[in-house]
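Chemist: The structure's right below; bear with me while I get my questions together.
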Amino acid sequence: MEPNKKAIWNGIIREYRDYLPEISNGNIVTLNEGNTPLIESTNLVDKVGNIRLLFKFEGLNPTGSFKDRGMTFAVSKAKEDGSTAVICASTGNTSAAAAAYAAKAGMKAYVLVPAGNIALGKLSQAMIHNAIVMEVAGSFDDALDLVKEVSKNYPVTMVNSLNPFRIEGQKTAAFEVCEALGFAPTYHFLPVGNAGNITAYWRGYKEFKEKGIVAGLPKMMGFQAEGAAPIVRGEVVEHPDTIATAIRIGNPASWDGAIEARDESGGVIDLVSDADILAAYNLLASREGVFCEPASAASVAGVIKMVERGELEDGDTVVCTLTGHGLKDPDRAISEASETIKVRPVMDEILAVMGFGS
Ligand code: AN7
C-alpha cells in the first residue's frame with residue numbers, strides 16, 4: 001500500500017512552517033515532535049466541578065517533555081548557522097532534549113545541571129545521548145549565568161529559551177490546542193519556571209487570533225512552586241526550593257514575557273505549595289491514568305486552587321499543560337506511592353493479598 005499521509009506527522013517545523021521563521025529543508029533536525037494528545041478529564045468532578053478540563057500531555061513528546069518543540073528549531077537553526085556544538089543550563093528536561101537533538105544533528109552538546117537537583121530520568125537521557133554533562137555545585141540560575149558567558153565568547157550555540165527559536169517552536173503547542181478544540185480555551189494553565197513556555201503559548205494564541213483562525217484568547221494562568229516563586233513575589237529568590245525540581249528557578253529568563261502574558265490576557269501568576277503539587281500529581285496518576293512529573297502537576301494544582309476560590313465557572317473550557325512525563329522522576333513516584341507487597345510464589349499468599357483467601 002501507499003503510505004497514509006494523514007497518519008504521518010512530520011514534526012512541528014514542517015507542520016507549522018507558515019507560522020515559523022524560515023529554515024531550509026536540509027537543515028531541519030527533527031524527531032517528529034509535537035502532535036500530543038489533549039486528554040479529557042473525567043474523574044475530578046469533586047475537585048473541579050463542572051468545568052470542561054483537558055490535559056495537553058506534553059510528556060508524550062520524543063524525549064518526554066515540551067522542550068522538544070523548541071529544541072527542534074533551536075538545533076536546526078544552529079545547524080543552518082554552521083554551528084557544531086550547543087550548550088544549555090537545565091533543571092533536566094532542556095538538557096535531555098538538547099542532548100537528543102544534538103545527537104540527531106551530529107553535534108556536540110554541553111549541559112550544565114544543578115548537582116543533586118535533577119531527576120534521574122533526565123540525567124540518564126543527557127548521559128546516554130552522549131552529552132558532556134557538568135553537574136554544577138550550585139543552582140540552575142548559577143549555571144545559566146555561566147552558559148550565557150560561555151556562549152558569548154566561544155563558538156557554541158546557547159539553546160536555553162533565551163535563544164529566540166526555542167520560543168518560536170514552543171508556541172506550536174497553542175496552535176495544536178486550538179486545532180483540537182476548534183476554538184481557544186477560556187483558560188490555559190501551566191507551570192512556570194523560566195517562564196519561556198507561558199511566553200510561547202501566549203504568542204501562539206495571539207498569532208492564531210491575529211490570523212483569524214480563532215476568535216478569542218484564553219486567560220493565561222501560570223503557577224510557580226511556593227519556594228520558587230520569584231514572579232509572584234516580585235523579586236529574585238536566591239535559594240529556590242521545591243520538590244518540583246524542574247521549576248526550581250529563582251530568576252526566570254523570560255520574566256517579562258510571563259508578566260506580559262498575564263497582563264494582556266487578564267490572567268494570573270500565582271503559587272502552589274509542594275503539598276498541593278503532590279496531591280495533584282497523585283490525583284492525575286490514580287484517577288485519570290495520566291503520569292506526569294511533579295512540576296507538571298502544578299498546573300492542575302492551580303486549577304484546583306482557582307476552583308476553590310470560585311474563580312472558574314461551570315462550562316469554562318480549561319486546558320492544563322502537563323509539561324513532562326512521570327517517568328522522568330521515578331524516585332518521586334516510588335516515594336509517593338503505596339508500598340509493594342512481597343510474596344512467595346504460592347497461590348495462598350496471592351489470594352490472601354487479593355482478599356480471596358479462605
Ligand atoms: C516539566 O529543563 O527550565 O517556565 O532547564 O521541565 O518554560 O521554564 C524546565 C522547565 C515546567 C517550566 N515543567 O517551564 C529546564 C527547565 C517542566 C519543566 C517547566 C520546566 P518554563
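Chemist: For residues in the range 247-256 being open to solvent by 20 Å² or more (accessible area, probe 1.4 Å) and not in a loop (DSSP other than H, G, I, E, B), which is farthest from the ligand (Cβ to nearest atom)?
Modeler: Among residues in the range 247-256 that are open to solvent by 20 Å² or more (accessible area, probe 1.4 Å) and not in a loop (DSSP other than H, G, I, E, B), the one farthest from the ligand (Cβ to nearest atom) is Asp256.
Chemist: Something else: Kindly list the number of the only condition in (1) over 25 Å from Gly11 (Cβ atoms); (2) in contact with a strand residue (DSSP E or B) (Cβ under 6 Å, 6 or more places away or on another chain) that fails for Lys108.
Modeler: Here Lys108 clears every test but (1).
Chemist: Test Gly315 against the criterion of being at pLDDT below 95 and not in a helix (DSSP H, G or I), and give yes or no.
Modeler: yes
Chemist: Considering only the range 53-86, state which residues are among the β-branched types (Val, Ile, Thr) and surrounded by 23 or more Cβ atoms within 10 Å (Cβ to Cβ).
Modeler: Within the range 53-86, Thr63, Thr72, Val75, Val86 qualify.
Chemist: Given the conditions (1) open to solvent by less than 40 Å² (accessible area, probe 1.4 Å); (2) in contact with a helix residue (DSSP H, G or I) (Cβ under 9 Å, 6 or more places away or on another chain), which single one is not true for Glu135?
Modeler: (1)
Chemist: If you take the residues of the range 271-286 that are outside any helix (DSSP H, G or I) and surrounded by fewer than 24 Cβ atoms within 10 Å (Cβ to Cβ), which of them is farthest from the ligand (Cβ to nearest atom)?
Modeler: Ser273
Chemist: Can you tell which of Pro218, Pro240 is within 13 Å of the ligand (Cβ to nearest atom), touching a residue at least 24 places away in the same chain (Cβ under 8 Å), open to solvent by less than 20 Å² (accessible area, probe 1.4 Å) and out of contact with any Cys (no Cβ under 9 Å at 6 or more places or on another chain)?
Modeler: Just a single option satisfies the conditions, and that option is Pro240.
Chemist: Let me ask something additional. For the range 48-66, state whether one or more residues are out of contact with any Ser or Thr (no Cβ under 8 Å at 6 or more places or on another chain) and either more than 16 Å from the ligand (Cβ to nearest atom) or farther than 30 Å from Cys178 by Cα (or both).
Modeler: Looking for residues that are out of contact with any Ser or Thr (no Cβ under 8 Å at 6 or more places or on another chain) and either more than 16 Å from the ligand (Cβ to nearest atom) or farther than 30 Å from Cys178 by Cα (or both), one finds at least one in the range 48-66, hence yes.
Chemist: Report, by residue number, each residue of the range 318-358 that is part of a loop (DSSP other than H, G, I, E, B) and either of a type in the set (S, T, N, Q) or within 30 Å of Gly182 (Cα to Cα) (or both).
Modeler: Thr323, Ser338, Thr340, Ser358
This table checks each residue for (1) within 14 Å of the ligand (Cβ to nearest atom); (2) crowded, with 17+ Cβ neighbours inside 10 Å; (3) within 21 Å of the chain's Cα centre (by Cα).
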| position | (1), (2), (3) |
| --- | --- |
| Asp141 | yes, yes, yes |
| Lys148 | yes, no, no |
| Ser151 | no, yes, no |
| Thr157 | no, yes, no |
| Lys171 | yes, yes, yes |
| Tyr187 | no, yes, yes |
| Val192 | yes, yes, yes |
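Chemist: Kindly indicate which of Ala115, Ala109 is open to solvent by 20 Å² or more (accessible area, probe 1.4 Å), aliphatic (A, V, I, L, M) and at negative phi.
Modeler: Going through Ala115, Ala109 in turn, just one is open to solvent by 20 Å² or more (accessible area, probe 1.4 Å), aliphatic (A, V, I, L, M) and at negative phi: Ala115.
Chemist: Select from the range 287-322 the residues that are of a type in the set (Asp, Glu) and surrounded by fewer than 22 Cβ atoms within 10 Å (Cβ to Cβ) and list them in ascending order.
Modeler: Within the range 287-322, Glu288, Glu308, Glu311, Glu313, Asp314, Asp316 meet the criteria.
Chemist: Could you say which residue among Glu226, Glu207 is over 25 Å from Phe140 (Cα atoms), touching a residue at least 12 places away in the same chain (Cβ under 8 Å) and open to solvent by 10 Å² or more (accessible area, probe 1.4 Å)?
Modeler: One residue alone meets the criteria, Glu207.
The values are calculated or read from the model by the stated rules, or taken from the named source; none is laboratory data. What you see is a predicted model; the values in this text were computed from it and never measured. We place every Cβ from the backbone using ideal geometry, glycine too, and count neighbours over all the protein chains shown. Side chains are part of the model used for accessible areas, which takes the heavy atoms of the whole protein and leaves out ligands, DNA and RNA. Shrake-Rupley method; radii C 1.70, N 1.55, O 1.52, S 1.80 Å.
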